[in-house]
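Engineer: Below is a structure I'd like to ask you about.
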Amino acid sequence: MVAVVLSPSVTEDLTVTKTCKPNNSSYFTAIPVIDLQDPNAKTLIVNACQEFGFFKVVNHGVPVKLISELESLAIQFFNFSQLQKDRAGPPNPSGYGNKKIGPNGDVGWIEYLLLKATHDSVSQISSSIFPENPDVFRCALTEYIKEVKEMVCRVLEMAVEGLGISDKEEISKLLRDENSDCMFRLNHYLPYTPELLQTAAMRNINLNLIGFGEHTDPQIMSAVRSNNTPGLQFSLKDGTWVSVPPDPTSFFLNVGDTLQVMTNGRFKSVRHRVYVVDNVRSRMSMIFFGGPPMGHKIAALPSMIREEQGEESLYKDFTWSEYKHSAYKTRLADNRLSFFLKNAP
Ligand code: GA4
C-alpha cells in the first residue's frame, strides 16, 4: 500500500492513500439482516453477534418521522458558520468537535456533536447549539434517544433469550438503569475542499480520506443510522474490510467491548471505520452507544462460562468506570480489551 501524506495545511495530518480505495461496487451482501418481527430473530441475532459482531435491523419500530426530524435539525446546525459551531465545542467530552477525535491525537475528515444521553446533557447541548430556540432540538433528540434505546434493549433481550439465559433483562436493565452511561453522537463527514481536490489532481492522487479511523466501541451495543451515503466498513473475522450498502431506513447494530466480555468472548466486538467516499452528498450518521452505569462490574455472565467444559473467564474483572478511563488513554485503533485479558498473549 502506498500512503501519501499531503501537506499538513491541506489535510491536517490526514493520510491519503493511493490504494485500498473502498470499492462501492463490491458491497458486502452477506450482512445479516434481522427483522425484529421475525419469530426466529433471537437465533439470528445470536448468530450475527457471534459470526460478525454486526447486523442490520429492519422493522425496528423507530418512527421515520423522528429520524428525519433529527436529521434535518442536525443539517441546520452543521450548516452554521464555523464560529457559531465552535461555540458548542470543544468536546470534553460533550460538545462540538472538528477533525480531532478523542484526547490522544486521532483525526478524521469529520465534524461532530458528542454528548451523554442524559436529560441534563441533552438540554445543555441544545442550548449551546440552538441558543435562540433550544426546545425543538431538545425534544427531537430526547425522543430519538428514547426510541433507539428501547429498540437496542429489545435486541439485547432477544440476544439474551437466544443465548438461553433465563433473565432476559440481564443486560438490557443496565441500559434502562437511570444511571446508565449511554452516549450519543452526530457525525457529519466533511466534503472535500476545493484545495484538497486541486492538490490531489496535481499529484495524481486518488482521494481517499479517513472519516473515522478503525476502532471498536467500548460500550455494550451501538446503533448507527446514516443517510444514503456510503462509507461505513466493518472488519470480518479474517481481517478483511467490507463496505456496507447504505440504508437510511434501517439501523446497523454492533457489539461493543463490554458485551464481548459479558459473553466471555462469544460475541465479537467488531472493528469498524468510515471512509469519505462521496463528495457530492456528505455522510451524516447518528449513533447511540448503550453503556452500563459507571460503577457496574463488567464480568462474564455466569451462564457464559461452561465450567464443566473447563471454561474460565477470559478477562479480569473491572468496573465500567475503570474501563472507560482506560479507553480514554488509548488511540482509536488500539485493542483496548487486551489490557484486561487474563492470559495476555
Ligand atoms: C469510540 C466509540 C464512541 O464514538 C466514543 C469514542 C471516544 C470519543 O470520541 O471521545 C473515543 C473512542 C470512542 C474510543 C477511544 C477513545 C475514546 C475516542 C478515543 C480515542 C464516544 C467512545 O465511547 O469511545
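Engineer: Quick check: net charge around Thr229, other residues with Cβ under 14 Å of its Cβ, Lys/Arg +1 and Asp/Glu -1? If you can, show how the numbers build up before the last one.
Structural biologist: Values: positive: Arg225, Arg281, Arg283; negative: Glu71, Asp247, Asp278.
Taking every Cβ under 14 Å from that of Thr229, the sum is 0.
Engineer: Once the cut-off is 21 Å, how many percent of the Cα-Cα pairs in the stretch 162-236 end up in the long-distance tail?
Structural biologist: 55 percent
Engineer: Let me ask something else about it. In nm, to one decimal, how far is the modelled label at Lys146 from the one at Gln309, with both set 7 Å along Cα→Cβ?
Structural biologist: Output for this residue pair reads 4.2 nm.
Engineer: How much mean residue ellipticity at 222 nm does the chain get from its helices, if each DSSP H run of length 4 or more adds -39500 (n - 2.57) and you divide by all residues, to the nearest 500 deg cm²/dmol? Please list the in-between numbers first.
Structural biologist: Values: 10 runs with 103 residues, N = 345.
Result for the chain, helices only: -9000 deg cm²/dmol.
Engineer: Separate question: Can you list, bin by bin at 5 Å, the percent of alpha carbon pairs in the stretch 252-345, starting at 0?
Structural biologist: Calculated over all Cα pairs of the stretch 252-345, the distribution is 2, 11, 19, 23, 18, 11, 7, 5, 3, 1, 0, 0 percent.
Engineer: Let me check I've understood the local charge: for Phe251, count other residues with C-beta under 10 angstrom from its C-beta, Lys and Arg +1, Asp and Glu -1. What total comes out?
Structural biologist: My count for the surroundings of Phe251 gives +1.
Engineer: Also, quick follow-up: Roughly what % antiparallel, to the nearest 5, for the DSSP beta bridges in the chain? Working shown, then result.
Structural biologist: Working: 51 of 54 bridges.
The answer is about 95 percent antiparallel.
Engineer: Related question: Report, largest value first, the span of the C-alpha coordinates of the stretch 2-296 along each principal axis, in whole Å.
Structural biologist: Sorted from largest, the Cα extents of the stretch 2-296 read 62, 48, 34 Å.
Engineer: GNM on the chain, C-alpha springs below 10 Å: top fluctuator among Thr263, Thr330, Thr229?
Structural biologist: Highest fluctuation among the options: Thr330.
Engineer: Among Pro194, Ser250, Gln37, whose Cα sits farthest toward the positive end of the charge dipole of the chain (+1 at Cβ of Lys/Arg, -1 at Cβ of Asp/Glu, about the Cα centre)?
Structural biologist: Pro194
Engineer: Mind pulling the angle between the C-alpha long axis of helix 41-51 and the longest principal axis of the chain? Nearest 10 degrees, somewhere in 0 to 90.
Structural biologist: Taking Cα atoms only, the helix is inclined about 70 degrees.
Engineer: I've got another one for you. Cα-Cα over 21 Å: which of Lys297/Lys342; Lys100/Lys146; Lys42/Lys316?
Structural biologist: Values: Lys297/Lys342 16 Å; Lys100/Lys146 28 Å; Lys42/Lys316 29 Å.
Too far apart for the 21 Å limit: Lys100/Lys146; Lys42/Lys316.
Engineer: Let me ask another. Which listed residue (Ser126, Asn279, Phe318) has the Cα farthest towards the positive end of the charge dipole for the chain, taking +1 on Lys and Arg C-beta and -1 on Asp and Glu C-beta about the Cα centre?
Structural biologist: The one lying farthest along the dipole's positive direction is Asn279.
Engineer: Got a sec? Charge dipole of the stretch 2-296, +1 on Cβ for Lys and Arg, -1 for Asp and Glu; which of Ser81, Leu207, Gly108 is way out at the positive end?
Structural biologist: The listed residue farthest towards the positive side: Leu207.
Engineer: Note down the magnitude of the dipole of the chain about its Cα centre, charges +1 on Lys and Arg C-beta and -1 on Asp and Glu C-beta and zero elsewhere, to the nearest 20 debye.
Structural biologist: Values: 35 positive and 38 negative charges, 161 e Å.
With Lys and Arg at +1 and Asp and Glu at -1, about 780 debye.
Bear in mind that the values in this text are calculations on the coordinates, not laboratory data. Everything numeric here is computed off the predicted structure, so don't read it as measured data. So basically every Cβ, Gly included, is an ideal-geometry build from the backbone, and we count neighbours across all protein chains shown.
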